[in-house]
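Each reported figure results from applying straightforward, stated rules to the coordinates on display, with no laboratory input. If you're wondering where the values come from, they're calculated on a predicted model, not measured in any experiment. Ideal geometry is used to build each Cβ from the backbone, glycine not excepted, and the neighbour counts take in all protein chains shown.
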Amino acid sequence: ELQHCRWAMLGVVGTCVPDLLGLPMWADAGKESYFTDAFTLFTSQLLFMSWAEYRRWIDIQYPGSVNEDPIFGNYTVGEKGVGYPGGKWFDPMNFAKDEKKFLELQKKEIANGRLAMVAILGIAAQTYYTGKGPLVCLGEHIKNGVNIFS
């Protein structure tokens, strides 16, 4: 669930940023031309993600077994459990130092992630139905005068 929450939170941001910057809508990303062909993009995505997912799977099976950077070796992550790497790269502000605060932040991350999963479903449905991005639809909704904000 934690992994899905994090992807959903990134997805919501990824659908809103193109609207803010005036870029092509997120649903049209596949229509754009990139620096290489689709097969190369797919293959490189498959290789990079399979490596990351393999390391995550090993960490789930044997917690702490992949806590050290495989390339440079001298960077390690924290001991807060699977899915919460910690360390100076993932927790530079030391939010997880206090155990009570860490548990509170874990609950907030899951709650916000669940909301993001529902939000990304709504964004996808509205884009399919209207053909417009999320911020455009929100602006039109607020302009019509009948909404939760009035």
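Some observations on this one:
- Ser65 versus Glu32: modelled label distance in nm, points set 7 Å from Cα along the beta carbon direction: 3.9 nm
- Computed 3J(HN,Hα) for the range 17-22, one whole-Hz value per residue from the Karplus formula 6.51 cos²θ - 1.76 cosθ + 1.60 where θ = phi - 60°, is 4, x, 5, 5, 8, x, glycine and proline marked x.
- Each peptide in 13-25, 131-143, 45-57 receives the mean, over its residues, of other Cβ atoms within 10 Å, and ordering these scores from highest gives 131-143, 13-25, 45-57.
- Comparing Cα centroids, the range 92-107 and the range 1-61 end up 27 angstrom apart.
- Net charge dipole, the range 1-60: roughly 140 debye, given to the nearest 20, about the Cα centre with Cβ charges of +1 for Lys and Arg and -1 for Asp and Glu.
- Radius of gyration and Dmax over the Cα atoms of the range 8-57, both given in Å: 13.8, 38
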